[in-house]
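Student: Following this message is one structure expressed as structure tokens.
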């Protein structure tokens, strides 16, 4: 199954939240998302065209590199950004 992600412009998303908040009931749950997903193969094409070096690696290599970020106070925010998305093993 091809992997994809959603990217939404921050300003437009914030504007949408404010507009919805004006009309939503107290018990309403809403999820703002883009209806135009970006598949990772296309995402890699885009970042490479921008001159950004990025490669796909196996889970073990990614986990090892991510865990190294905890050891560097200037990069530990990287781990914090990913920690909620990591699968428990």
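Read the figures in this text as sums done on the coordinates, not as results from a lab. Just so it is clear, the model here is predicted, and its values are computed rather than measured. Virtual Cβ from ideal backbone geometry, glycine too; neighbours counted across all protein chains shown.
Student: Set the Förster distance to 35 Å, then compute FRET efficiency between residue 56 and residue 28 from the Cβ-Cβ distance, nearest 0.05.
Tutor: So, using R0 = 35 Å, E works out to roughly 0.35.
Student: Exposure proxy check: 69, 13 ranked by fewest other beta carbons within 10 Å?
Tutor: Going from sparsest to densest Cβ surroundings: 13, 69.
Student: For a quick check: sort 64, 55 by the number of other beta carbons within 10 angstrom, fewest at the front.
Tutor: Fewest to most other Cβ atoms nearby, the residues stand as 55, 64.
Student: Counting other C-beta atoms within 10 Å, which of 44, 3 has the fewest, and how do the rest follow?
Tutor: By the 10 Å Cβ count, ascending, the order reads 3, 44.
Student: Give me the angle, in degrees from 0 to 90, between the Cα long axis of helix 40-49 and the longest principal axis of the Cα atoms of the chain, rounded to the nearest 10.
Tutor: Value to nearest ten degrees: 70.
Student: Computed from the coordinates I sent, P(r) over Cα pairs in 5 Å bins from 0, in percent equals one of [x] 3, 12, 18, 17, 12, 10, 9, 7, 6, 4, 2, 0, 0; [y] 3, 14, 25, 28, 19, 10, 1; [z] 2, 10, 12, 15, 20, 16, 12, 7, 5, 0. Tell me the label.
Tutor: Given [x] 3, 12, 18, 17, 12, 10, 9, 7, 6, 4, 2, 0, 0; [y] 3, 14, 25, 28, 19, 10, 1; [z] 2, 10, 12, 15, 20, 16, 12, 7, 5, 0, the structure-derived one carries the label [z].
Student: Something else: So how tilted is helix 59-69 from the main axis of the chain? Cα-based, degrees 0 to 90, rounded to 10.
Tutor: Helix 59-69 sits at roughly 90 degrees to that axis.
Student: For the chain, what relative contact order do you get, as a whole percent, if you take Cα pairs closer than 8 Å and at least 6 residues apart?
Tutor: Normalised by residue count, the contact order of the chain is 25 percent.
Student: Roughly how tilted is helix 10-23, in degrees to the nearest 10 and between 0 and 90, from the longest Cα axis of the chain?
Tutor: Taking the Cα atoms of the chain, the angle to 10-23 is about 30 degrees.
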